[in-house]
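Peer 1: Dumping the structure here so I can ask a few things about it.
The values are calculated or read from the model by the stated rules, or taken from the named source; none is laboratory data. These numbers were taken from a predicted model, which means no experiment stands behind them. Every residue, glycine as well, gets a Cβ built from its backbone with ideal geometry; the counts of neighbours run over all protein chains shown. Keep in mind that these areas ignore ligands, DNA and RNA; they rest on the heavy atoms of the full protein, side chains included. Shrake-Rupley method; radii C 1.70, N 1.55, O 1.52, S 1.80 Å.
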Amino acid sequence: MNAPDTFAPAPVATRASQLRDMLRSPQLEFLMEAHNGLSARIVREAGFKGIWASGLAISAQFGVRDNNEASWTQVVDNLEFMADASQLPILLDGDTGYGNFNNMRRLVRKLEQRGVAGVCIEDKVFPKTNSFIGGERQPLAEIDEFCGKIKAGKDSQADDDFSIVARVEALIAGWGMEEALRRAEAYRQAGADAILIHSKLSRADEIVQFAREWDRRCPLVIVPTKYYSTPTDVFRDAGISVAIWANHLIRSATSAMQAVAAEIHRSETLVNVEDRIATVDEIFRLQDTAEYSEAEDRYLSAANAPRSAIVLAASRGKNLESVTTDRPKVMLPVAGKPLLRWLVDGFKKQNVNDITVVGGYRADAIDTAGITLAINERHAETGELASLARVANAFAHDTVVSYGDLLFRSYIVRDLVESEADFTVAVDSTAATTANAANASVRDFAYCSAGDDRGLFGQRVLLETISANAAHFGRAPNGRWIGLLGVRGDDARARLLRVFAALQARADFDRLGMPDLINALAADGASIEVQYVHGHWRGVNDMDEFRHAADFAHGQTPLGGAATETPHD
Ligand code: SPV
Ligand code: MG
């Protein structure tokens, strides 16, 4: 004999068995109405153990009447969303079973396939009408015919725990207590797992009387919509198994939607309702958007993976005061559009779509189309790392950190984001130290493990340090860092955040710039790969560079446009 496996996880109860347990439980249990995936999720979060998939509410949310106007397959499709969104056992209000015994058999099989735990059928005639609309005029089903339907349903269920609840409409239709009890007993003997006894009175008297005479022959289910003022303990004392709150989410959603629609229509503004309704983030949460992002990280190929950029754009621009009285440097117009727009377009072209710009000086003048704007309020007294600190959480994906005053040929960003390395810097090897280089004002001299071989040997070059000193290490630099840093992968992000935190602890943090971060990464042992470029970019650091930027930008505009080509660098 096998020893019992003490460590085996306890089997998870199926939804059908959960509903069955609720029906059989000695306590009073509750089912809450839901009518779509979102409301099903809300029912679960409220703490309910099960859902009533109300025929009235489902047809209402489709905008049709509770007269079998929605087809049964449309109802079943809707149930699939509800089952997926909630994980709770669902008892479907299956009206009359949507036809005869044969329709009932097919219904039960389809419900089981969609993870629905049980179905309630009522002893009326297809197509039915809601019980609260002229209930006494509605014909009841022949008892034998209805019993055949119950048997057919029970015979076709694959899971023994699937429940069939038989709903007795005799009290609604005015046929009296005796008929109600006679029918309930016949349905029980036909195999029903529970009886739903329905009443349209405003007091629970006939329900309590029925329960007394029924005397717990099988579980009893009630729907206290009309006798809602009855204290719930009355149901407990009467031995009811399950009470169904049958339509209260569709009704509450309706009154909220009516009020909000009327208010927006009247006032022609959203301002009066915004704080009184669920936030868009709350909708995202209910949709489980966070899980999607995690899955994206797990399953998307690197080429499709989301990529972010952080653009450091807090400064006014030294040497550019005359043109930056009303805007920051990034908003200077270059060949017809602001510098920032060139940058954003350049990133978007390489699928870097999640762009965060850290503004500071005249951040109000930054065009926020297509970007997220963060603000370094202390931009006047702080450096680039203080700006970066504002958006440390933007390193959620592979990220490019960029200065805000760059123009570049698109291959530069392409090569950076395609690099497999944890960290990658773009270094311009042309005219590294000479004052007549195109970007002579850039003093971020890069010292690397090897000089630029222009792709001849395909060697991997690593950055050693970035220095403002053109004779650091007593030798000439290998190029200039152009202001782009690529960060790839979880390990790199973790290292960057750790190194960054250490820098933040330093007393001089406010004065630190991007080269300090890159050097600290190198000192921490990070391999920082160098992508050599040869011109093909411009910084905008003074009036002279600003004027030349337009020529460079024109060289980037599509052929056939008004722009003229400039000679290659
Ligand atoms: C439903 O919720 O659709 C019901 C219950 O059938 S009642 O509307 O009370 O008849
Ligand atoms: Mg109904």
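Peer 1: Among the residues of the stretch 85-103, which ones are open to solvent by less than 10 Å² (accessible area, probe 1.4 Å) and more than 16 Å from ligand 2 (Cβ to nearest atom)?
Peer 2: Once the filter is applied, which keeps residues that are open to solvent by less than 10 Å² (accessible area, probe 1.4 Å) and more than 16 Å from ligand 2 (Cβ to nearest atom), the stretch 85-103 yields Ser86, Pro89.
Peer 1: Would you mind finding the one in Ala238, Ala253, Ala184 that is under 22 Å from Phe101 (Cβ atoms) and more than 16 Å from ligand 2 (Cβ to nearest atom)?
Peer 2: Answer to the check: Ala184.
Peer 1: Of the residues that sit in the stretch 456-493 and are charged (D, E, K, R) and either within 18 Å of Leu388 (Cα to Cα) or in contact with a Leu (Cβ under 9 Å, 6 or more places away or on another chain) (or both), which one is surrounded by the fewest Cβ atoms within 10 Å (Cβ to Cβ)?
Peer 2: Arg493
Condition check ((1) at pLDDT below 95; (2) more than 16 Å from ligand 1 (Cβ to nearest atom); (3) among the small types (Gly, Ala, Ser); (4) under 18 Å from Leu171 (Cβ atoms)) across all residues:
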| site | (1), (2), (3), (4) |
| --- | --- |
| Ala204 | no, no, yes, yes |
| Arg212 | no, yes, no, yes |
| Asp215 | no, yes, no, yes |
| Pro224 | no, no, no, yes |
| Val234 | no, yes, no, yes |
| Leu249 | no, no, no, no |
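Peer 1: Is the stretch 275-289 home to any residue that is exposed (fewer than 14 other Cβ atoms within 10 Å of the Cβ), touching a helix residue (DSSP H, G or I) at 6+ places or on another chain (Cβ under 7 Å), polar (S, T, N, Q) and not in a helix (DSSP H, G or I)?
Peer 2: no
Peer 1: Only one of (1) within 16 Å of ligand 2 (Cβ to nearest atom); (2) over 24 Å from Ala190 (Cβ atoms) fails for Val125. Which number is that?
Peer 2: Of the numbered conditions (1) within 16 Å of ligand 2 (Cβ to nearest atom); (2) over 24 Å from Ala190 (Cβ atoms), the odd one out for Val125 is (2).
Residue-wise test of (1) open to solvent by less than 50 Å² (accessible area, probe 1.4 Å); (2) within 13 Å of ligand 1 (Cβ to nearest atom); (3) within 20 Å of Leu19 (Cα to Cα).
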position: Gly37; (1), (2), (3): yes, no, yes
position: Ile42; (1), (2), (3): no, no, yes
position: Glu45; (1), (2), (3): no, no, yes
position: Phe48; (1), (2), (3): no, no, yes
position: Ala53; (1), (2), (3): yes, yes, yes
position: Asn67; (1), (2), (3): no, yes, no
position: Ala70; (1), (2), (3): yes, yes, no
position: Thr73; (1), (2), (3): no, no, no
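Peer 1: Can you pull out the residues in the stretch 219-233 that are buried (at least 16 other Cβ atoms within 10 Å of the Cβ) and either assigned to a helix (DSSP H, G or I) or away from ligand 2 (no atom under 16 Å from the Cβ) (or both)?
Peer 2: Pro219, Leu220, Tyr227, Thr230, listed by residue number.
Peer 1: If you don't mind, another one. Can you find even one residue in the stretch 299-312 that is touching a Pro at 6+ places or on another chain (Cβ under 7 Å), in a loop (DSSP other than H, G, I, E, B) and either of a type in the set (A, V, I, L, M) or surrounded by 14 or more Cβ atoms within 10 Å (Cβ to Cβ) (or both)?
Peer 2: The answer is no, given that none of the residues of the stretch 299-312 is touching a Pro at 6+ places or on another chain (Cβ under 7 Å), in a loop (DSSP other than H, G, I, E, B) and either of a type in the set (A, V, I, L, M) or surrounded by 14 or more Cβ atoms within 10 Å (Cβ to Cβ) (or both).
Peer 1: Name the one entry in Gly513, Gly539 that is within 39 Å of the chain's Cα centre (by Cα) and crowded, with 21+ Cβ neighbours inside 10 Å.
Peer 2: Gly539
Peer 1: Any idea which residue in the stretch 122-137 is nearest to Ala246 (Cα to Cα), counting only those that are without any contact (Cβ under 8 Å) to a residue 60 or more places away in the chain and away from ligand 1 (no atom under 11 Å from the Cβ)?
Peer 2: Going through the qualifying residues, I end up with Gly134.
Peer 1: Still on this model: Can you give me the ranges of the helices (runs of 4 or more DSSP H) entirely in the stretch 14-112 with at least 2 residues that are among the charged types (D, E, K, R) and in contact with an Asp or Glu (Cβ under 9 Å, 6 or more places away or on another chain)?
Peer 2: 15-24
Peer 1: Taking the conditions exactly as written (of a type in the set (D, E, K, R), open to solvent by 70 Å² or more (accessible area, probe 1.4 Å) and in contact with a Lys or Arg (Cβ under 9 Å, 6 or more places away or on another chain)), does Arg212 satisfy them or not?
Peer 2: Taking the combined requirement at face value, the residue does not satisfy it.
Peer 1: Inside the stretch 243-274, can you point out the residues that are assigned to a loop (DSSP other than H, G, I, E, B), more than 25 Å from Arg44 (Cα to Cα) and either open to solvent by less than 100 Å² (accessible area, probe 1.4 Å) or in contact (Cβ under 8 Å) with a residue 60 or more places away in the chain (or both)?
Peer 2: Thr269, Asn272, Val273
Peer 1: A further question on this structure: Looking only at the stretch 166-207, count every residue that is open to solvent by less than 40 Å² (accessible area, probe 1.4 Å) and either closer than 16 Å to Ile244 by Cα or outside any helix (DSSP H, G or I) (or both) and tell me the total.
Peer 2: 20
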